[in-house]
Structure formats: structure tokens, C-alpha cells
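Nothing in this text is a laboratory measurement; each read-out follows from the coordinates by a stated rule. Everything numeric in this text was worked out from a predicted model, so none of it was measured. Using ideal geometry, Cβ is built from the backbone for each residue, glycine included, and neighbour counts are taken over all protein chains shown.
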Amino acid sequence: MIRDKGKESEDKVVRYLENKGFKIIARNYRKIFGEIDIIAFDGNSIWFFEVKTQNETFSPIEKMDGKKLKRMLKVAESFIAERDLECDVSFALAVVEGNDIHITRIDVW
């Protein structure tokens, strides 16, 4: 049930990003050391998105701790290296609250 809610939230974010002009490159990109929910291209940069569903028991930004961010960076580096990409990179948290989607860019450099 939780997995279904997560997929539903990811689907909403994908539609939102596509409507904003992003091209979705990958979903649920996994390595043994972590996963990135959505990888997208906006014409200038590759974006790595973590998707969280807002609920009453926690704030999604609290879930983006240093450990999670390090795993995300490692997975992103792997994705970029495998494809020999040279482009700008951005990281973001996409929070789904009902039908509302809030994107917060995460500065990691």
C-alpha cells in the first residue's frame, strides 16, 4: 500500500515535470548503494529528484538527511559516469501533498 502511494506520487511528479517541459530520462534508477526516483532533463541540466508524499507524521525535508543526500549523490555520479555526460546537474525534493506538488532545489555543491 505504501509502495502504491509512492508510485502514485511519482506519477504525479512525472506529469508535472513533463508539463513544465522536462524530458524524463529514467525512473527508479537503482544501484546497490541507492536509488533516485526521477531523472529528468530541462534542456540545460540533468535533474535528480527525490519524491516524498506529505503526511501528518513527518516533514519530507526532514527525510533528506545527510545520509540520504550522500547516497543520492553517489547514484547521480554513477549515472553521469555511465553515460559520459558533461552538463549542469541539479538535485531537488518533490513533495506531493494531495494534488499539489512543491519542488525544492537542493544545493549540494
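GLU97 meets the conditions (1) over 15 Å from ILE46 (Cα atoms); (2) in contact with a strand residue (DSSP E or B) (Cβ under 6 Å, 6 or more places away or on another chain) in every case but one. The failed one is (2). Within the stretch 71-109, the set of residues being free of Cβ contacts under 8 Å to residues at least 12 places away in the same chain, assigned to a loop (DSSP other than H, G, I, E, B) and of a type in the set (A, V, I, L, M, F, W, C) comprises just one member, TRP109. Exactly one residue out of PHE22, PHE48, PHE33 is under 18 Å from VAL95 (Cβ atoms) and in contact with a helix residue (DSSP H, G or I) (Cβ under 6 Å, 6 or more places away or on another chain), and it is PHE48.
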